[in-house]
Amino acid sequence: MNPISVRALLVRGMLAGLIAGALALVVAYFLGESQVDAAIALEEAHSHDHGGGEELVSRTMQATGGLATGVLVFGVAVGGIAALVFCYALGRIGDFGPRATAALIAGAALLTVYIVPFLKYPANPPAVGNPDTIGKRTTLFFLMVALSVLLAVAAVIIGKRLAPRLGNWNASIAVVAGFVLLIGLAYAFLPSFDEVGKDFPATLLWEFRLSTLAVQATLWATFGIVFGFLTERLLTPAARAAAPRTASAVG
């Protein structure tokens with residue numbers, strides 16, 4: 001692609017990320033904030049028993065401005081990154097058009113960036129987790145993200161090299177099996193954390209984690225749909241306009 005197309009796709013990716021972030025914000029507010037409030041109530045009740053600290057940022061600001069800023073900035077950032085990945089992947093991962101490529105990238109991002117790390121290190125609401133281990137847990141989570149993304153990229157590269165010998169279907173099965181095996185080994189060897197207190201309601205924990213999954217699913221599904229639409233409108237007319245010029249030059 002020429003620099004103009006890359007710049008145009010980057011802008012569209014960030015725009016699609018902003019739209020996706022806005023919808024994810026709605027889901028986070030209406031599905032997740034009630035669980036957060038319930039968890040904070042439990043945490044405050046516990047802190048009153050043991051002497052709690054003063055609140056630095058009001059809960060209202062956290063649930064409105066703080067949440068909106070975090071989700072929207074995240075949406076724009078990952079939208080731009082995904083757009084750059086799209087620029088490289090289009091035409092290199094198979095005979096897929098812009099919409100299909102955008103959908104594949106969004107689905108792969110949801111799987112590798114969130115679901116795979118989530119299954120090892122799921123999100124915890126307030127009042128869950130030892131404050132002394134938060135740094136280690138955060139580091140291991142991002143390590144899991146990096147492993148998942150790198151293994152997914154390696155799987156795509158190896159799959160393309162195996163396809164001429166094994167066929168697309170067999171090559172796909174082989175690399176998926178290898179990805180699952182290596183992720184399973186990472187799950188087995190990386191340390192785990194079981195820091196949920198016995199008095200914390202299991203239903204609340206489950207609902208909180210489902211809400212975080214719903215936020216990410218909304219973000220990436222919306223991005224795939226919106227970005228696919230925008231890229232098809234940008235790239236398809238250009239391809240159609242180039243076809244007559246090429247035919248006349250050959251003639």
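Structure summary
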{"quantity": "Residue that is in a helix (DSSP H, G or I), free of Cβ contacts under 8 Å to residues at least 12 places away in the same chain and either at negative phi or surrounded by 15 or more Cβ atoms within 10 Å (Cβ to Cβ) (or both), where the choices are 157, 105", "calculated": "157"}
{"quantity": "Counted residues, the stretch 121-154 - those being open to solvent by 70 Å² or more (accessible area, probe 1.4 Å) and modelled with pLDDT of 90 or more", "calculated": "5"}
{"quantity": "The stretch 25-53 residues that are more than 28 Å from residue 223 (Cα to Cα) and in a helix (DSSP H, G or I), paired with ones that are modelled with pLDDT under 65 and of a type in the set (D, E, K, R) (beta carbon under 9 Å, 6 or more apart)", "calculated": "37/59; 40/59"}
{"quantity": "Hey, residue 69 surrounded by 14 or more Cβ atoms within 10 Å (Cβ to Cβ) and out of contact with any strand residue (DSSP E or B) (no Cβ under 8 Å at 6 or more places or on another chain) or not", "calculated": "no"}
{"quantity": "Test: residue in the stretch 195-205 that is loosely packed, with under 12 Cβ neighbours inside 10 Å, at negative phi and either in a helix (DSSP H, G or I) or touching a Cys at 6+ places or on another chain (Cβ under 6 Å) (or both)", "calculated": "yes"}
{"quantity": "Hey, residue 98 under 24 Å from residue 215 (Cβ atoms) and open to solvent by less than 80 Å² (accessible area, probe 1.4 Å) or not", "calculated": "no"}
{"quantity": "Among the residues listed as 122, 126, the single one being more than 19 Å from residue 192 (Cβ to Cβ), outside any helix (DSSP H, G or I) and either touching a helix residue (DSSP H, G or I) at 6+ places or on another chain (Cβ under 7 Å) or among the acidic types (Asp, Glu) (or both)", "calculated": "126"}
{"quantity": "Residue list for the stretch 150-182, filter: touching a helix residue (DSSP H, G or I) at 6+ places or on another chain (Cβ under 6 Å), closer than 24 Å to residue 82 by Cα and among the aliphatic types (A, V, I, L, M)", "calculated": "151, 152, 155, 158, 175"}
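The values are calculated or read from the model by the stated rules, or taken from the named source; none is laboratory data. Since we're looking at a predicted model, the values are computed, not measured. Ideal geometry is used to build each Cβ from the backbone, glycine not excepted, and the neighbour counts take in all protein chains shown. Heavy atoms of the whole protein, side chains included, go into the accessibility calculation; ligands, DNA and RNA do not. Shrake-Rupley method; radii C 1.70, N 1.55, O 1.52, S 1.80 Å.
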